[in-house]
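The values are calculated or read from the model by the stated rules, or taken from the named source; none is laboratory data. Values in this document were obtained by computation on a predicted structure and should not be read as measured data. Note that each Cβ is placed from the backbone with ideal geometry, even for glycine, and that neighbours are counted across all protein chains shown.
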Amino acid sequence: MREINLLPPSRRQSLRREVTLASIGRFLSSLMVGLGMLTVGAVLAMIGLWIFFYTVAATNNVEFERTIAQYRELRDGIAEQNIFLNYIYGLGTGRQVWSDFLPGLFTSIPPGVEIATMSGRSVINEEGVVESTFTVSGRAAARSTLTIFADRLRLLPDVAQVDAPSSNLIQRENPLYRFTLQLKDKIIEEEEL
């Protein structure tokens, strides 16, 4: 079946143009609506991303600050432990080794001298000097034995001073005595601490 068009060709031409222009107009309006929607979507996406990155950055900043605070606490704790360990090391290296001192003390005891008590004390002062004192007390057979003992104690290489109170010499026979020995100071070097 064939179609018969009774419109004149100019009118047909004009109708085709109108249909084409209407189609192009619909296409362009659809394109404009689509681009507008795409623009609105892009703007909303940008705002969403900006909010997301701002929140993530703020969260990361808080976490970063927390990490920095933990690092500082750890660093301070390690510094305190180093100070403590250096102090302990200084005590170990600068201490008076009494087992090195006692053999000389025992060989200086003359016959007739009995030792009842012995005590030693070491202290590190602010300048890093080890100050040591050793106290020995007991009974001697005679005063002359005590003077010999005091003289021998003064000759010991580690002894700087012997304090012998005059009360040691009051009794002639079997006197009680007490000697306080100031040992030579040991200086602890800075690198030992």
Selection count, the stretch 136-166, where residues are hydrophobic (A, V, I, L, M, F, W, C) and either assigned to a strand (DSSP E or B) or loosely packed, with under 15 Cβ neighbours inside 10 Å (or both): 7
Residue check for TYR54: more than 16 Å from the chain's Cα centre (by Cα), at pLDDT below 90, over 30 Å from ILE124 (Cα atoms) and part of a helix (DSSP H, G or I): yes
Scan of the stretch 138-186 for residues that are more than 20 Å from VAL97 (Cβ to Cβ), in contact with a strand residue (DSSP E or B) (Cβ under 7 Å, 6 or more places away or on another chain) and among the acidic types (Asp, Glu), ordered by number: ASP163, GLU173
Residue list for the stretch 15-54, restricted to those being aromatic (Phe, Trp, Tyr) and more than 30 Å from ASN5 (Cα to Cα): TRP50, PHE52, PHE53, TYR54
Residue in the stretch 72-86 that is polar (S, T, N, Q), surrounded by 10 or more Cβ atoms within 10 Å (Cβ to Cβ) and closer than 30 Å to VAL159 by Cα present: yes
Output for the stretch 100-114, where each listed residue is part of a strand (DSSP E or B) and exposed (fewer than 15 other Cβ atoms within 10 Å of the Cβ): GLU114
